[in-house]
Amino acid sequence: MTTKILIATTNPGKKAELAAMLDSHIEWLTLDELPGVGEVPEDGETFEENARKKALGYAEAVGIWTLADDSGLVIDWLDGRPGVRSARYCGSKPPEAERTLIDHRNIEKVLEEMQGVPKKQRTARFVCCICLAKPSGVLLESKGTVEGVITEEKIGSGGFGYDPIFYVPELRKTMAQLDGEQKNKISHRGRAIKTLKPKLERLLAGL
């Protein structure tokens with residue numbers, strides 16, 4: 001029997017990524033395929049809260065299992081900012097069409113706030129929290145992180161968001177200099193998915 005799971009996103013790229021890494025005879029759906037579903041606000045204080053709130057909210061709204069994630073950049077010098085506000089650090093969260101422009105503004109704001117900070121104090125990490133819920137409650141949760149350093153300027157043209165200013169010392173590259181396969185292996189989302197996968201397989205095996 002094929003299990004239907006909603007991914008709480010309108011991004012087809014995220015659907016393809018998750019399907020490739022988690023597929024266990026699952027029929028993946030996105031919010032675009034379920035018109036009329038109201039948006040669940042991301043107003044939690046932590047990534048865990050936001051992922052849980054979205055997963056539970058959409059699961060209740062549509063009546064099927066829902067997978068949601070929340071992720072962002074945590075900078076030690078900035079006391080954890082931009083954190084849960086990563087996507088809207090310079091203002092409101094943008095529609096997909098304006099994402100590149102807002103990404104640029106978010107990066108510029110971080111670089112301005114980090115101006116003159118020594119390299120040893122530019123430590124940061126990307127965090128991703130994933131939650132799978134059914135209408136009556138949470139089923140599974142996982143978390144992934146990757147440690148890095150904030151650069152003094154943008155380096156690389158790949159990726160999105162803060163990737164051009166996030167340097168990964170073990171690879172001697174920024175996230176924006178990695179190809180898709182490299183990034184999936186070490187990224188915060190890739191690590192969260194890797195942790196989630198065996199839990200999901202055990203859960204599905206028990207159905």
Fill in: Rel. contact order, % - alpha carbon contacts under 8 angstrom, at least six apart, the range 59-198
23
Practice prompt. Starting from the Cα of LYS194, draw a straight line to each of the aspartates and glutamates and keep only those under 13 Å, dropping any in the same chain fewer than 8 residues away.
Written response: GLU17, ASP23, GLU141
Response to the item:
Long-range share for the range 7-54, i.e. C-alpha pairs more than 17 Å apart as a percent of all pairs, stands at 46
Discussion item. Net charge around LYS14, counting only other residues with Cβ within less than 11 Å of its Cβ (Lys, Arg = +1; Asp, Glu = -1)?
Written reply: 0
Fill in: Karplus-derived HN-Hα couplings along the range 73-80 (A = 6.51, B = -1.76, C = 1.60, θ = phi - 60°), whole Hz, x at Gly and Pro
9, 10, 10, 4, 4, 9, 6, x
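Relative contact order for the range 75-156: what is it in percent, counting Cα pairs under 8 Å that are at least 6 residues apart?
26 percent.
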Worksheet item: Computed over the Cα atoms, what is the radius of gyration of the chain divided by 2.2 N^0.38 Å, N being its residue count?
Response: 1.04
Worksheet item: Hey, what do the phi angles of the range 153-158 turn into as Karplus ³J(HN,Hα) couplings, whole Hz, using 6.51/-1.76/1.60 and θ = phi - 60°, x for Gly and Pro?
Response: 7, 6, 9, x, 10, x
Practice prompt. Can you spot the aspartates and glutamates whose alpha carbon is less than 14 Å from LYS120's alpha carbon? Ignore those fewer than 8 places along the same chain.
Written response: ASP76, GLU147, GLU152
Practice prompt. Within 10 Å, count the other beta carbons around each residue, average over each peptide in 53-66, 181-194, and list them highest first.
Written response: 53-66, 181-194
Discussion item. As a quick test, which of the pairs LYS54/LYS134; LYS134/LYS185; LYS4/LYS134; LYS134/LYS199; LYS15/LYS197; LYS4/LYS199 have an alpha carbon distance above 21 angstrom in this structure?
Written reply: LYS134/LYS185
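Throughout, read-outs are computed from the coordinates displayed, never taken from laboratory work. The structure presented is a predicted model; accordingly, all values stated were derived computationally and were not measured. Heads up, the Cβs are rebuilt from the backbone with ideal geometry, glycines too, and the neighbour counts pull from every protein chain shown.
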